[in-house]
1. Looking at Ser83, Ser120, which one is at pLDDT 90 or above, open to solvent by less than 60 Å² (accessible area, probe 1.4 Å), in a loop (DSSP other than H, G, I, E, B) and in contact with a helix residue (DSSP H, G or I) (Cβ under 9 Å, 6 or more places away or on another chain)?
2. Can you tell me which residue among Phe97, Phe75 is among the hydrophobic types (A, V, I, L, M, F, W, C) and either in contact with a helix residue (DSSP H, G or I) (Cβ under 7 Å, 6 or more places away or on another chain) or touching a residue at least 12 places away in the same chain (Cβ under 8 Å) (or both)?
3. Restricting attention to region 58-80, which residues are among the aliphatic types (A, V, I, L, M), modelled with pLDDT under 90 and surrounded by fewer than 12 Cβ atoms within 10 Å (Cβ to Cβ)?
4. Name the residues in region 45-57 that are without any contact (Cβ under 8 Å) to a residue 40 or more places away in the chain, within 22 Å of Ile22 (Cα to Cα) and either open to solvent by 60 Å² or more (accessible area, probe 1.4 Å) or in contact with a Lys or Arg (Cβ under 9 Å, 6 or more places away or on another chain) (or both), would you?
5. Determine whether region 61-77 contains at least one residue that is hydrophobic (A, V, I, L, M, F, W, C) and not in a helix (DSSP H, G or I).
Amino acid sequence: MYVNAVEQSFGSDIDYAMLIKIYGADVPTGEARSSPAEVISCRAVDISGKPDPKHVSTSYVERQNLTMRMHMRRFTRLTNAFSKKLEHHIAAISLHFMYYNFVRIHQTLRVTPAMAAGVSDRMWDIADIVGLLEQRHDEKAEHGKEQKIWKLSAKGPALGF
């Protein structure tokens, strides 16, 4: 599943490897299991390009998954916070990543990830994100297209109709 997703998202001109973990025996029956079986070995398989072996790790995606679960309740296990519509879910994820990459200063980087990557030369704030949404709305309205608009409520951002 990942091989097709990576190529569709980034094209074939990237360095990409997959880490395959080999797990030991399962927990004996009758015992409670709250974690996966023990990893007994790993092997990296080059999928595309020439990936650097020291950067082939599941740690990056696991860190990203944890960050998403901590910042967005809809990804927390055993919660009642969820999106009723796919478009609301997509909007919430988009806002999270915009904030995470352009507004929030990261402890290890000491700047935003967008600044560290050279995508932005300044730290953004929430007003900048709202400004982008308003600009997009105005552009769509000028072209006479029906547009879904963002509303900011006391509960936070939500798609309005």
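1. Ser120
2. Just a single option satisfies the conditions, and that option is Phe75.
3. Within region 58-80, Val61, Met70, Leu78 meet the criteria.
4. Asp46, Asp52, Pro53, Lys54, His55
5. Looking through region 61-77, at least one residue is hydrophobic (A, V, I, L, M, F, W, C) and not in a helix (DSSP H, G or I).
The values are calculated or read from the model by the stated rules, or taken from the named source; none is laboratory data. Since we're looking at a predicted model, the values are computed, not measured. Cβ coordinates were reconstructed from backbone atoms using ideal geometry, including for glycine residues, and neighbour counts include every protein chain displayed. For the accessible areas, the whole protein counts, side chains as well, though only heavy atoms, and no ligand, DNA or RNA atoms are used. Shrake-Rupley method; radii C 1.70, N 1.55, O 1.52, S 1.80 Å.
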